[in-house]
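Asker: Below you will find the structure I want to go over with you.
None of the figures in this text is laboratory data; all of them are computed from the coordinates on show. Computed from a predicted structure; not experimentally measured. No Cβ is skipped: glycine too gets one built from the backbone with ideal geometry, and neighbour counts run over all protein chains shown.
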Amino acid sequence: MDFSLNEIQTMLADSVGKFIDNEYDFDTRQSYAGSEKGYSDAVWSMFAELGWTAVPFAEEDGGFGGGPADTMVLMQSLARGLVVEPYLANIILAGGILKRTASATQKDEWLQPILAGELQATLAFLEPQARYDIANVTTTATRDGDGWVLNGKKGLVLNGGTADLLIVPARTAGGVADHDGITLFAVDANTKGISRNAYATVDGLQAAEVEFDSVRADDGRVLGEPGAGYPALDATIDDATLAVSAEAVGIMQVLTDKTVEYSKNRKQFGVPIGTFQALQHRMVDMLMACEEAQSLLVWSVMTRASDGDDSKRAVSSIKYLVGTKGRLVAEEAVQIHGGMGVTWELDVAHYFKRLTTIGQLFGNADWHLDQLAAMAPDT
Amino acid sequence: MHVTFSEEELAFQEEVRAFFRDELPDDIREATDTGAELDPEMQIRWQKILFNKGWAGVNWPVEYGGTDWSPVQKYIFAREEGFANAPFVIPFGLRMVGPVIYTFGSGEQKQRFLPDILASNVWWCQGYSEPGAGSDLASLKTRADLAGDHYIVNGTKTWTTLGQHADWIFCLVRTSSDVARRQEGISFLLIDMKAPGVSVKPIILLDGTHEVNEIHFDNVEVPVENLVGDEGKGWTYGKVLLQHERTNSANTFRSEYRLRRLREQAAREVRGAAPLADDKNFMRRLAAVEVDLKALEYIELRTLAAVTSGKAPGPESSFLKIKGTEIHQAIDTLYMEAAGYYALPFNPGPGVGEGSETQSALAYFNFRKATIYAGSNEIQKNIIAKHVLGL
């Protein structure tokens, strides 16, 4: 039994930590978030140079050969900086589909440039009507000569406004929520017929609504077998769910530390507010939430890595827990910071907003609890 | 990062599993499954089975007849014990006074008391709380005044669990009031329940059970050789023991066993109505407790891994106490909700309700004690705030 990080994971955590300490303070983050693109190309290039973009990919793909535990370490470490660079959209989501489905030629064309930090891609996994069912795909791809024609609309495409490559699940057969009949396409974002309406999300990151109006794609843009895209989509969303859960745990820990620290310094009625028992017990609840989340995260990551029958339960369990306990921690952090907690100026509010955003991504707590209610635990 | 056991540990797990499968008598297993308190005969019979196997003193050093198991072996044992839903061992002798005696007691005390504790020949109870000293234990008032070769003990202890069956009681008593801190001047004394002046008065709990008592000491003479360790150091000895009490209260595997049984029960068709598994609200609540329990299991495992690598267990035992008791109570609530109307009969004869249904509300009522005893959960939060958060 061993819960310690291995040497490589320790190095990864250390190097991300140093980067945030030295080059990514809160003001810097805010300036990147407020820039036209919403993140920094220079920082992204550095991610690639340091090998962070290669973490979840196999060695034969030029990756680092990392598993869920390595991604966990990276995401949890990045969380502290509230990093706005599109690691989730580009590496976890788009990269996750490509590593599972792309041919050798397609990997050379798209995956290699992603690892090199030269290509920004994203996965348009959501449709406005679908809520949390990723199989609910009404965007169609119909056969036309030796290619395909795509029509439909994708919602909340993360980094959809700045991505060069869009990975698009489209229905080529079956009913609206069938698992079969979903085909994955990789299309250039500037292809004729694609219109993008980009906007900021509440956490300071970027997304877009993307419409496809008779967009042509040739066979070389189909990832994997036509009609058989669901398993890769599902596995990638599970990876992403685990990745944002790790980020959430990291944020919960930051918020708890900051709140405890603040309560030791902030004086009211002549004493630090941390001496009030009414606040002490609430901070203990925050700490316990962090301990629970960290512990469950470790189980989820190990279970997902072993890819056993309990894998789905692991993903839903941790997402449910960070959904509920993350909200508790974030709301308490704001409350205990008092008036300052609700200002734009203080970083606490921005951690709160990112945690809230994660709560809504890839199934909220209620949705995951419903999945769990229907699953008998493995023992 | 892994949680795999070594080959030796796996072999040990097999041995323990087989023991609980083969040696736990059916009548005791069934009685435990109902959720009602075990009668003393069954309790002692089971503890003697453990003793005969050499597994009564799980935490005891081998020189006093203990197992000398590693932390991982103890974990494996607790896990199989929980999954088998074997009866709780009455902790007062084996887990509390025994360790205090072999750690702080004299050679003579060890010889005199330890063998009978290990073999469950003598029933012990705990004299800590007093009518005026609950969570604020240091305010205790029971006095022991030295008079030659004995102490004269006067005062009242309360919440004494199963004291009506006890042969001996270990007490924290005040031997000096002239102290700078209230925690000083407290001593750890062993008292024979048959000594003149000891009387036991039952306290009936809200579920109708006689589980706890008030013990009165009226000029009870206690020989000085029954003082454990140094006079005035009892608080220190008692604290060691309390930490023990808290770690033991997580009971994750018993909770896992109970949740699994509840899921099976929910899937069965009951009296022509739809199975409970169709009730989404119920199943969501069940699933939420399952997640909490899995998190607790891994808090416990991470603590264990830290202990195995040589770190001393600290205030984390307060986490385990809080979460373990909260989850236990949440499961009690679910059992009661699952029983519906048949939670309501109060100790009916046979033929009313099925299985543990008619014990479910009583178990729910009874176990409200868990977040109160062993230092209430609010006290645990004070401990964490002070020692972990530094507030």
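Asker: Putting +1 on Lys and Arg Cβ atoms and -1 on Asp and Glu Cβ atoms, find which of B:F5, B:I204, B:A250 reaches farthest to the positive end of the dipole of the protein assembly as shown.
Answerer: B:I204
Asker: Of the candidates B:G98, B:G375, B:G65, which one comes out as most mobile in a Gaussian network treatment of chain B with C-alpha springs shorter than 10 Å?
Answerer: The residue that fluctuates most here is B:G65.
Asker: State the antiparallel share, in %, of DSSP beta bridges confined to the protein assembly as shown, rounding to the nearest 5. Mind dumping the intermediate values first?
Answerer: Numbers: 62 of 73 bridges.
Expressed as a percentage, antiparallel bridges in the protein assembly as shown total about 85.
Asker: If you don't mind, there's one more thing I want to ask. Give me A:F269, B:F5, B:F77 ranked fewest to most by other Cβ atoms within 10 Å of their Cβ, as a rough exposure proxy.
Answerer: Fewest-to-most Cβ neighbours within 10 Å comes out as A:F269, B:F5, B:F77.
Asker: Also, quick follow-up: In region A:27-83, if the dipole is taken from +1 on Lys/Arg beta carbons and -1 on Asp/Glu beta carbons about the Cα centre, which of A:V83, A:V73, A:A58 is farthest to the positive end?
Answerer: With unit charges placed on the Cβ atoms, the residue in question is A:V83.
Asker: Let me ask something else about it. Let me test this: with uniform point scatterers at the alpha carbons of region B:250-391, what is the Debye-based log₁₀ I(q)/I(0) at q = 0.11 1/Å?
Answerer: -0.50
Asker: Just add up the charged neighbours of A:E109: K/R +1, D/E -1, any other residue whose Cβ is under 15 Å from the Cβ of A:E109.
Answerer: My count for the surroundings of A:E109 gives -4.
Asker: Using only alpha carbon pairs under 8 Å that are at least six residues apart, calculate the relative contact order of chain B and give it in whole percent. Intermediate results must be reported in sequence, preceding the final value.
Answerer: Details: 597 pairs, mean separation 53.0, N = 391.
That works out to 14 percent.
Asker: Can you tell me the FRET efficiency between A:T28 and B:S199 if r is taken as the Cβ-Cβ distance and R0 is 51 Å, rounded to the nearest 0.05?
Answerer: According to the calculation, E is roughly 0.10.
Asker: Count neighbours as other Cβ atoms within 10 Å of each site's Cβ, and list the trypsin sites (Lys or Arg not before Pro) in region A:144-247 that are DSSP loop with at most 15 such neighbours.
Answerer: For trypsin sites (Lys or Arg not before Pro) across region A:144-247 that sit outside H, G, I, E and B with at most 15 neighbouring Cβ atoms in 10 Å, the list reads A:K192.
Asker: Separate question: Translational diffusion coefficient of the protein assembly as shown at 37 °C, 0.692 mPa s, Stokes-Einstein with Kirkwood Rh over Cα pairs, in µm²/s as a whole number.
Answerer: It comes out at roughly 112 µm²/s.
Asker: Pick from A:M252, A:M46, A:M11: which residue has the top mean-square fluctuation in a GNM of chain A where Cα pairs under 10 Å get a spring?
Answerer: A:M11
Asker: Also: Remind me, relative contact order of chain A in percent, using alpha carbon pairs under 8 angstrom and six or more residues apart?
Answerer: Here the relative contact order equals 15 percent.
Asker: Okay, next question. Of B:D27, B:D116, B:D230, which is the most mobile in a GNM of chain B whose springs link Cα atoms less than 10 angstrom apart?
Answerer: Highest fluctuation among the options: B:D27.
Asker: List the relative contact order of region A:7-119 as a percent without decimals, with contacts defined as Cα pairs under 8 Å and 6+ residues apart.
Answerer: It rounds to 32 percent for region A:7-119.
Asker: Using just the helices of chain A, give the 222 nm mean residue ellipticity in deg cm²/dmol: DSSP H runs with n ≥ 4 each add -39,500 (n - 2.57), and the total is spread over all residues, rounded to 500.
Answerer: Estimated from H runs of four or more residues: -15000 deg cm²/dmol.
Asker: Would you mind ranking A:M72, B:M283, B:M42, A:M1 so that the residue whose beta carbon has the fewest other beta carbons within 10 Å leads the list? If you can, show how the numbers build up before the last one.
Answerer: Details: A:M72 29, B:M283 21, B:M42 15, A:M1 18.
Listing A:M72, B:M283, B:M42, A:M1 from fewest to most nearby Cβ atoms yields B:M42, A:M1, B:M283, A:M72.
Asker: Let me ask something else. Relative to the compact-globule scaling 2.2 N^0.38 Å, provide the ratio for the alpha-carbon radius of gyration of region B:331-374.
Answerer: Rg over 2.2 N^0.38 Å, computed on Cα atoms: 1.19.
Asker: If you take the beta carbon distance between B:D192 and A:A200 as r and set R0 to 56 Å, what does 1/(1 + (r/R0)^6) give as a FRET efficiency, to the nearest 0.05? Please report the intermediate quantities before stating the final value.
Answerer: Working: r = 76 Å, r/R0 = 1.36.
E between B:D192 and A:A200, to the nearest 0.05, is 0.15.
Asker: Additional query: If each residue's Cβ is checked for other Cβ atoms within 10 Å, how do B:C171, A:C290 rank with the fewest at the top?
Answerer: With the fewest neighbours first, B:C171, A:C290 line up as A:C290, B:C171.
Asker: Within region B:254-353, report the GluC sites (Glu not before Pro) that DSSP leaves as loop and that have at most 14 other Cβ atoms within 10 Å.
Answerer: Numbers: sites: B:E256, B:E264, B:E269, B:E290, B:E297, B:E300, B:E316, B:E326, B:E337; in loops: B:E269.
The qualifying sites are B:E269.
Asker: So which of B:K141/B:K381; A:K325/B:K157; B:K110/B:K233 end up more than 30 Å apart by C-alpha?
Answerer: As for pairs spanning more than 30 Å Cα to Cα, those are A:K325/B:K157.
Asker: Okay, next question. Can you give me the Kirkwood hydrodynamic radius for region A:231-373, using every pair of distinct Cα atoms, in Å to one decimal? Mind showing how you got there, number by number?
Answerer: Values: mean 1/r = 0.0635 Å⁻¹.
So the Kirkwood estimate lands at 15.8 Å.
Asker: Please report the antiparallel percentage of the DSSP beta bridges confined to chain A, to the nearest 5.
Answerer: 85 percent
Asker: Identify the chymotrypsin sites (Phe, Trp or Tyr not before Pro) of region A:89-178 meeting these criteria: DSSP loop state and at most 13 other C-beta atoms within 10 Å of the C-beta.
Answerer: Values: sites: A:W110, A:F125, A:Y132, A:W148; in loops: A:F125, A:Y132.
Within region A:89-178, no chymotrypsin sites (Phe, Trp or Tyr not before Pro) qualify (loop, at most 13 other Cβ atoms within 10 Å).
Asker: Right, another one. What fraction of the DSSP beta bridges in region B:124-232 is antiparallel, stated in percent and rounded to the nearest 5?
Answerer: Here the share of antiparallel DSSP bridges comes out near 85 percent.
Asker: Across every pair of different alpha-carbon atoms, what Kirkwood hydrodynamic radius in Å does region A:160-237 reach?
Answerer: 13.6 Å
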